[in-house]
Amino acid sequence: MQIIRSVKEMQQLMLELGKENRIGFVATMGYFHEGHISLMKESVKENDKTVTSIFVNPLQFGANEDLERYPQDLENDKRVAEEVGVDILFIPEATDMYPTKMTFEIIAKQRTNVMCGKTRPGHFEGVATVLIKLFNIVRPDRTYFGSKDAQQASIVQAFIHELNFPIELVILPIVRETDGLAKSSRNINLTTQERQEAVWIHKSLEYGRQFVVDGEFIPAMIVQEVINMIHEKTSGTVDYVELLSYPELEPVINTGNQFILAAAVHFSQARLIDNLIIDSEGNKTR
């Protein structure tokens with residue numbers, strides 16, 4: 001496995017490799033767990049070469065968010081990536097990715113004013129900026145994302161299509177702990193008590209889904225029932241619970257499409273997100 005740290009070196013290498021190889025790409029912020037591993041394994045299986053990046057992108061963290069607390073274990077990440085079969089691990093420095101103040105700003109006009117975007121202004125603009133840069137550096141044929149960050153996947157889908165990137169987006173299901181908690185690098189920041197409570201995020205979403213299964217598709221009522229259960233079962237603070245069309249992320253105006261029921265909850269040192277993507281009968285579609 002090659003480890004590349006220079007943006008220029010990475011661009012030159014990928015220009016050569018891309019001539020005769022199908023390139024799969026997994027963009028991460030490191031601290032690998034089974035969710036990351038599932039993405040890398042799928043890429044290794046489907047492509048000639050797999051590139052994984054590790055970059056904790058400062059543009060997507062707000063002033064009071066957990067950039068400094070974001071967990072890192074680079075040596076373990078290197079070992080895991082090599083065991084999985086990753087061919088190239090790209091680990092750039094922030095000063096190389098952003099050597100000067102940005103002249104251009106990426107502004108998303110849709111899909112960002114709901115869910116995480118409501119309370120994290122500038123977050124998805126930061127995500128889009130770094131991903132566009134990484135796509136231009138790596139030049140992948142396929143890129144792999146997990147469903148846990150469903151809003152991010154929706155936004156990536158939009159800009160790949162609208163900006164004409166010749167990239168296939170592959171979205172894989174959420175990887176969960178045995179008790180249902182979505183795998184996350186931030187789970188390590190939970191206290192023992194919070195870890196026991198956190199499973200109720202998923203259980204509450206499933207409780208909300210059951211109303212749809214039972215034929216009670218009333219978005220405002222479902223949202224409130226989910227909020228009530230999270231409040232009852234956890235010490236966390238609800239950031240949001242939303243039921244929206246997917247991938248458009250717009251208010252539900254009919255029941256003929258795909259939907260996302262999503263939640264974000266703040267604990268003392270971690271903000272966790274989770275979601276279910278369902279059809280109008282409550283069946284999970286991912």
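Each of Tyr144, Leu205, Ile218 was placed along the dipole of the range 138-286 (beta-carbon charges, centred on the mean Cα), and the one lying farthest toward the positive end is Tyr144. Distance between the modelled labels on Glu82 and Asn21, one decimal in nanometres: 1.7 nm (7 Å Cα→Cβ projection). Measure up Lys49/Lys118; Lys49/Lys203; Lys19/Lys133; Lys41/Lys233 against 30 Å on the Cα-Cα distance and list the ones that go over. Listed pairs above 30 Å: Lys49/Lys118; Lys49/Lys203; Lys41/Lys233.
If the segment from Lys118 to Asn254 were pulled out straight at 0.36 nm per residue, it would be longer than the present Cα-Cα gap by 46.6 nm. Relative contact order (percent) for the range 80-212, with alpha-carbon contacts under 8 angstrom and 6 or more residues of separation? 16 percent. Residue separation of Ser280 and Thr103 scaled by 0.36 nm, minus their Cα-Cα distance, works out to 59.3 nm of gained length. For the chain, set up a GNM with springs between Cα atoms under 10 Å and report which of Ile160, Ile54, Ile273 has the largest fluctuation. Evaluated over the chain, the most mobile residue of the options is Ile160. In the chain, with Lys and Arg counted as +1 and Asp and Glu as -1 at Cβ, which of these residues, Thr285, Gln193, Val26, has the Cα nearest the positive end of the dipole, that is, farthest along it? Towards the positive end, the residue furthest out is Val26. With neighbours defined as other Cβ atoms within 10 Å of a residue's Cβ, the residues Met229, Met1, Met14 order from fewest to most as Met1, Met229, Met14. How would you classify the range 2-172 from its alpha-carbon gyration tensor, with a ≥ b ≥ c the square roots of the eigenvalues: rounded for a/c under 1.5, else prolate if a/b is greater than b/c, otherwise oblate? Rounded shape, in that the Cα axes give a/c under 1.5. Distance between the 7 Å Cα→Cβ label points at Glu232 and Asp48: 5.7 nm. Computed from point charges on the beta carbon alone (+1 for Lys and Arg, -1 for Asp and Glu), the dipole magnitude for the chain about its Cα centre is near 380 Debye. Of the residues Met102, Met40, Met221, the one with the fewest other Cβ atoms within 10 Å heads the list, and the complete ranking is Met102, Met221, Met40. Considering helices alone, the calculated mean residue ellipticity of the chain at 222 nm is -12000 deg cm²/dmol, with DSSP H runs of length four and up weighted by -39500 (n - 2.57) and normalised per residue.
Each Lys and Arg Cβ is given +1 and each Asp and Glu Cβ -1; about its Cα centre, the range 185-274 then shows a dipole of about 340 debye. As a length-normalised measure over Cα pairs under 8 Å and 6 or more apart, the relative contact order of the chain settles at 17 percent. Positive-end ranking of Ser53, Ile171, Leu17 along the dipole of the range 2-172, with charges on Cβ about the Cα centre, is headed by Ile171.
Think of each Lys and Arg Cβ as +1 and each Asp and Glu Cβ as -1; about the Cα centre, that makes the dipole of the range 23-109 roughly 240 debye. Mean sequence separation of contacting Cα pairs (under 8 Å, at least six apart), scaled by the length of the range 185-274, corresponds to a relative contact order of 31 percent. Net length available on complete extension from Asn164 to Glu93 is 22.8 nm, with 0.36 nm assigned per residue and the Cα-Cα distance removed.
Between the range 139-191 and the range 9-38, the C-alpha centres lie 15 angstrom from each other.
Coordinate-derived values only; no laboratory data. This structure is a prediction, so every number in the text was calculated from the model and none was measured. Glycine also receives a Cβ, built like all others from the backbone with ideal geometry; neighbour counts cover every protein chain displayed.
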